[in-house]
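I have placed the structure first, in the form of structure tokens, so that the comments after it can refer back to it.
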Amino acid sequence: MNTILRKSILGIAGLTVAGGLAAGPLNHDTSTPTTRNAAVTTTQAAKLDSAALIPHGVQGTQSRIDLDDEQTANVKAIIAATKKAGMDERAAVVSIATALQESKLENLGHLGDRNDHDSQGLFQQRPSSGWGTVEQITDPEYSTTAFLKGLKQVDGWRDMPLTVAAQTVQVSAYPDHYAQWEQQAADLVAEHWNS
């Protein structure tokens, strides 16, 4: 099956499953990040139950990036918005893994010719797809809340592998890429959930 037809079918299927949430953004970066061993430290594991953070185990090779102060602040903003929405640590893991894939936790504005349509912010949400205004989707709290609202609409998201839950909301052309960030997302939630 050719690539364009496959992407079209995946996009239509994702929209159907999501119940018309909104067409999510396409991924901008198709390069493979470096891979490292991503073990949760004893201190982090003591803070939160790893079974709650990664109930299905990680899928595939895991990627990891070093975070700067801005990216760490965005992690904390995602966690705060998750708590404010009344959702649990698993929702924060799904959100952070999604933002790692979509933007590497950078609150991206319009990227000109490198931009995928009008995708912006941590989750690369599109104003033209109903995610909100540019000002809204480049606000970490708003964009996280919008993502979580979509996640809440996915029946059984807690029982799905992370990449399936994220893909159902985002409708990415690269649905399996979210899985590679699950361990780092869980580590970040373990580190920052109670801070």
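The values are calculated or read from the model by the stated rules, or taken from the named source; none is laboratory data. The model shown is predicted, which means the values in this text are computed figures rather than measured ones. Note: ideal-geometry Cβ built from the backbone for every residue, glycine included; neighbour counts use all protein chains shown. Just the protein is used for accessible areas: all its heavy atoms, side chains included, with ligands, DNA and RNA removed. Shrake-Rupley method; radii C 1.70, N 1.55, O 1.52, S 1.80 Å.
Figures for the structure shown
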| read-out | value |
| --- | --- |
| Cut-off 10 Å between beta-carbons: net charge of the residues surrounding Asn107, Lys and Arg +1, Asp and Glu -1 | -3 |
| Accessible area, probe 1.4 Å, largest first, for residues Thr98, Thr61, Thr133 | Thr61, Thr133, Thr98 |
| Ile79 accessible area, 1.4 Å probe, all protein chains in place, Å² to nearest 10 | 10 |
| Residues whose placed amide H lies under 5 Å from that of Gly121, excluding near-sequence neighbours | Leu108, Gly109 |
| Distance between modelled label sites at Ala52 and Ile65, nm, 7 Å Cα→Cβ extension | 2.8 |
